[in-house]
Structure formats: C-alpha cells, structure tokens
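The values are calculated or read from the model by the stated rules, or taken from the named source; none is laboratory data. None of these values were measured; they are calculated from a predicted model. Cβ atoms come from the backbone with ideal geometry, glycine included; neighbour counts cover every protein chain shown.
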Amino acid sequence: MQKRWVVKPKNDVKKTNKLRDELGISSVIAELLLHRSIDTFEQAKLFFRPSLDMLHDPFLMQDMEKAISRIEKAIGNKEKILIYGDYDVDGTTAVSVVYSFFRDFHSGLEFYIPDRYLEGYGISTKGIDYAAEHGFTLIIALDCGIKAIEKVSYAKSKNIDFIIGDHHLPGPNIPDAVAVLDPKRSDCPYPYKELSGCGIGFKLIQAFIQKNGMDIQLAYQYLDLVAVSIASDIVPITGENRILTHFGLKKLNTNPNCGLQALINLSSNKTGQFSVNDIVFQIGPRINAAGRIEHAKDAVKLLISKSLQEAKDFSTTVDDQNNLRKDFDLRITEEALDIINNDVLLQQRKSTVLFKEDWHKGVIGIVASRLTEKYYRPTIILTQTNGHIAGSARSVLGFDLYEALSECSDLLEQYGGHKYAAGLTMRLENVPAFQEKFELVVSNSIKPEMLQQEVLIDTEIQLQDIDAKFHRILKQFEPFGPQNEAPILLTRQVHGTGYIVGANHLKITVIHGQSRSFECIGFGLASAIDHINSGRPFDICYTIEENNWRGKKNLQLNIKAIRY
C-alpha cells in the first residue's frame, strides 16, 4: 500500500536560528526541538537532562492524603488488604509494585487479578465476594475502578473500603470510595495527566514513603516495572512519564527486577540494551500472554519473585503461554486473511468485520490490529464466548471508532473503549446485520485520505548532515514513544543498491551527493528492489538507529517509505 507523505510545516526561521545559536546545535536539531514545543534553553536542558528530582509531589493528586491515611490505619490495625488490578501489563505491573512494597512491613496482604473470561475487565462482584469471604476490609484497585460506582457501593455493604488508583477517563460521577486517585478527574490539580496505572501505583508508594520519612530509593527500585507499564500501555512519553521511563530503562538495563531479568534471559536481546521498542515487542507480550491464555496471576507471581530461581520457574510458564498465544495469533490471522482474499466484495469494503465462532478471544485484539495494519481500514474481529458474541475493534488515524459503534448500538449488548480501540458484545443473530450496518456507517463518514496510511515527516535533511555529533544529540531525544516519536526524516534523490532479505524486506546501501554511504533496512519494502537497483534516484523517509550486530555497532537508516 502506498503511504501518504506529510511533511510538518517549517518553524519560524528566527525561532529556529535563536534556539540553534543558544544551544550550539544544528538547525535540523533546533527544528526537531521546536516540533516538541521546546523553544528555550531551560526547556531544552530539562528535556536533555531529566532528573528524578523533577517528579511532582504525589500529594498534589486529589485524595492522596485520604489514601495514605486509610492505608496507615489498615496497617496499624492489622487489617487485611487486597491489592486488585487489571489483567494486562499495566495492571499486573501496578499490582506487583504496590504489593512488593507493602509486603515488606505488612503481613495481611494479598493480590487479586480478575479472570479475563469469567469476570471481565474492572472490579468484579466475584472479586468483592472473595475479599468479604476472606476477611479483607480494604481493597486497593489499580488500573481500573474509575467507573465502578455500583461495585464500590456493593463492597461498602460488606464493610469493605476501596482506594481506587486509575488513569482512565471518569464518567459523570466518581465512585464513593475512601479515595479516588486519577489525574483525569476534573477536580484533580495534579500537573501531569497521562500517568499509566502503574504510574499511579508508584505515586501512591512515593506518597507513603514521603509521609513516613522513608528512603525514596525504596520507590525507585520499582522504576523498571513502571517503564514496562508506560511502554506497554502506549501512554505518552512526555513530562513525568519520560522521566520515569528514562530512569526505568536504566534500571532495566543494569539491575532489573528478578522477574524482568528472567524474561530478558528468554528474549532474543540478551546482550543489547533494552529500549521502549524492545519492551513493546519482547517483554510486554509475554506478560500479557498470561491473562490472554490462562490467568494473569501467573504474571504477577513472576514479577513479585524474590529470587532469579523463583522467577525462572514462573517465566517458563509465561513464555509457554506466549508461544501458545503466538500460535493462536498466527492461525487466526491466516484464517482471517484467507476469508478476505477469497471474497471480492470484502476486499472492496471500507471496513472489515469478520466472525468465526472458534477464534480465541484472548488474541482477537491482536488480530484486529494486524488486519488494520494490512488493509488500513476500521476492523472488528468477532468470536463466540460464553453464549454470546464478543468483538475487538481497531481504527485508523482520524476515524472515531467509538462514535461509529454508537450508531450501531441498537444491534449491540455492550460496547466501550475510545476513538481507536474498543470492545463489544452482541447476540449471534445480530452478526450479519451488524456487519452491514457498520460498513454503511463507515462508508458514509470516513474520508478517503483516512484510508491511506500517513507518514508524518519531521523535516527534510541531506545525508551529509548525519554525523557523529548529530546522532549523539539525537540519541538524547530518547526514550522514544507516543508524542515523542523517533524523528522521521526525508532525503530526496538518493541512489542505492540492495537485495531482498527474509520474505519481504530490503537491505540497501544509499548515497546522496557527496555523502558517505549509509546502510539501510526497509521492512516490507521488497517491491521497490527493481527501481533501487536500476540506478535511478528515489526519495526515502526514515529514522536513524544504532544497529548492534554481533558486538559491532553502526548507524543504520530504518526506511519507512520509498517514493520514485
């Protein structure tokens, strides 16, 4: 699929030159900083030199004082506390951080993760009943609970208090809990709104440490888990998240949590330095697989392990579950592609809605993402589970999936999510009607440009601009992630030669004018090989990365698109 190239508008030349001169950097680097709203020396200093001293006071968060007081009371009275969290990476790391911290000086502590299939997302009645039956009087819920108004009331009827630590958008009403920690509350003055669920858990223990005059290093020992949550939950890597990720990656690469070390030992990147990307593709999926295939409590047991030997046993279980997840994922993706390839009408649609009763519910979200990437259109994958039809939906840039589902609500039992990802349930007999109505809604509202993938280019440069100093400064833009993406650069009229590697990838050497040659990798771009080897010029947009192969490091251009 041809991608649409969009170059960001140039910044004001005076601003660019002023920042360039103040910092002693190139105009290109100044341009990249201005795209990140960094236009003063002081802002650049904070960006390039993050410090843990820059973390906000946790007591700026609404209800933090109430939360700490209630925990102190529970510890003083030797009450039983249940740490409750969602079954994804963010939820399990949040539970692991808070549980690991408090278990060192409070014995009446357990954790609880709901079963994805039997209880579903969020606070469950079953979880509250478990707490009541086992004498728990306080539940600390992490990465969920902001809309659990009825469940919190139900818990209160059983003399169980709730502290909620969530980062999702609240509804019109806040649950009647002892404390509700969520920076997205309209009445919360906390300066940074984009913390992960685990980040909220970290702020909770930071506040407890601060209130009780303890060593702050007791909180910092969990920064690697916080970084894993930030990377895996796809939250913005800006502000406080960028600081937490910066130092979390340092810990991950020097002295990781025993469970994370066990996962690193199983990964293909055993000797290199882990980045956000490595977490997303190697650590996160293994942690997530526990909840998708069996039960996410296996992931928590791994992450709270006190020794590498203990962690090794749990990591093997989690890795086996991930291998099974990959098998399901591969099989279902192939079946879905076959359905589309064998149906001309499906190929011509502006949406994809596929149903098969035996597809594994735990991976339909992954399959929806893969098909969205392949065909670049709103996609829903449906399967049958517990007597009803469950679906996972993914969207494309600019198209409001939640709004489209709202227009089909008469055919749905439940739906929820946001603009780009959602979940839904319906009755079996409604599937054909839903497929048709969703296609109609999408066709009537999606703009043609939304159906073509966009490459957003930061700026145009010459290859000769890329030298050791340029790369050294560019590396200081890391860690990369949402809202701090690796800069995509454009160079026109390069020449090169190359060959195909793997099934559909390119390995190229390019030159541009008087520049030195650069090695490039182009994933999924094998169709361009004939033009590249013809001797004719072509344009490339790319990111710059450091390739580490068998101990040798060299600069490599990761080509995102080629245009002749």
Filtering region 82-124 down to residues that are at pLDDT 95 or above, surrounded by fewer than 18 Cβ atoms within 10 Å (Cβ to Cβ) and among the hydroxyl-bearing types (Ser, Thr, Tyr) yields none
Apart from one, (1) farther than 20 Å from Val441 by Cβ; (2) in a helix (DSSP H, G or I) all hold for Gln384; the odd one out is (2)
Report task. Kindly establish whether Phe101 is of a type in the set (Phe, Trp, Tyr), in a helix (DSSP H, G or I) and under 19 Å from Asp90 (Cβ atoms). Result -> yes
Somewhere in region 64-80, is a residue out of contact with any Lys or Arg (no Cβ under 7 Å at 6 or more places or on another chain), more than 30 Å from Pro189 (Cα to Cα), surrounded by 14 or more Cβ atoms within 10 Å (Cβ to Cβ) and charged (D, E, K, R)?
yes
Of the residues in region 316-325, those that are over 17 Å from Ile381 (Cα atoms), surrounded by 14 or more Cβ atoms within 10 Å (Cβ to Cβ) and under 21 Å from the mean Cα position of the chain (by Cα) number 4
Problem set entry | Boolean, Asp90 is assigned to a helix (DSSP H, G or I), on the phi < 0 side of the Ramachandran plot, in contact (Cβ under 8 Å) with a residue 60 or more places away in the chain and among the acidic types (Asp, Glu) | yes
The residue from Gly387, Gly391 that alone is in contact (Cβ under 8 Å) with a residue 24 or more places away in the chain, under 30 Å from Asn322 (Cα atoms) and of a type in the set (Gly, Ala, Ser) is Gly391
Practice prompt. Considering every residue within region 204-213, establish whether at least one is in a loop (DSSP other than H, G, I, E, B) and among the aliphatic types (A, V, I, L, M).
Written response: no
Restricting region 501-541 to residues that are assigned to a strand (DSSP E or B) and free of Cβ contacts under 8 Å to residues at least 40 places away in the same chain, the one surrounded by the most Cβ atoms within 10 Å (Cβ to Cβ) turns out to be Cys520
*asked:* Gly248 - would you say it is touching a Ser or Thr at 6+ places or on another chain (Cβ under 8 Å), of a type in the set (Gly, Ala, Ser) and either part of a loop (DSSP other than H, G, I, E, B) or under 30 Å from Lys193 (Cβ atoms) (or both)?
replied: no
When region 433-486 is checked residue by residue, the ones that are among the hydroxyl-bearing types (Ser, Thr, Tyr) and either over 30 Å from Arg377 (Cβ atoms) or outside any helix (DSSP H, G or I) (or both) are Thr459
Log entry, pairs with first residue in region 127-140 being aromatic (Phe, Trp, Tyr), second being assigned to a strand (DSSP E or B) and surrounded by fewer than 21 Cβ atoms within 10 Å (Cβ to Cβ), beta carbons closer than 6 Å, six or more apart or on different chains, reads Phe136/Lys80
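Kindly indicate which of Gly498, Gly423 is in a strand (DSSP E or B), at pLDDT below 95 and either of a type in the set (D, E, K, R) or in the same structural domain as Thr385 (by TED's automatic domain parsing) (or both).
It is Gly423.
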Apart from one, (1) outside any helix (DSSP H, G or I); (2) closer than 21 Å to Cys198 by Cβ; (3) in contact with a Gly (Cβ under 9 Å, 6 or more places away or on another chain) all hold for Val353; the odd one out is (2)
Across region 522-543, the tally of residues that are at pLDDT below 95, of a type in the set (A, V, I, L, M, F, W, C) and under 25 Å from the mean Cα position of the chain (by Cα) stands at 1
Taking region 242-301 and the residues there that are in contact with an Asp or Glu (Cβ under 9 Å, 6 or more places away or on another chain), among the charged types (D, E, K, R) and under 28 Å from Arg36 (Cα atoms), the one that is surrounded by the most Cβ atoms within 10 Å (Cβ to Cβ) would be Lys251
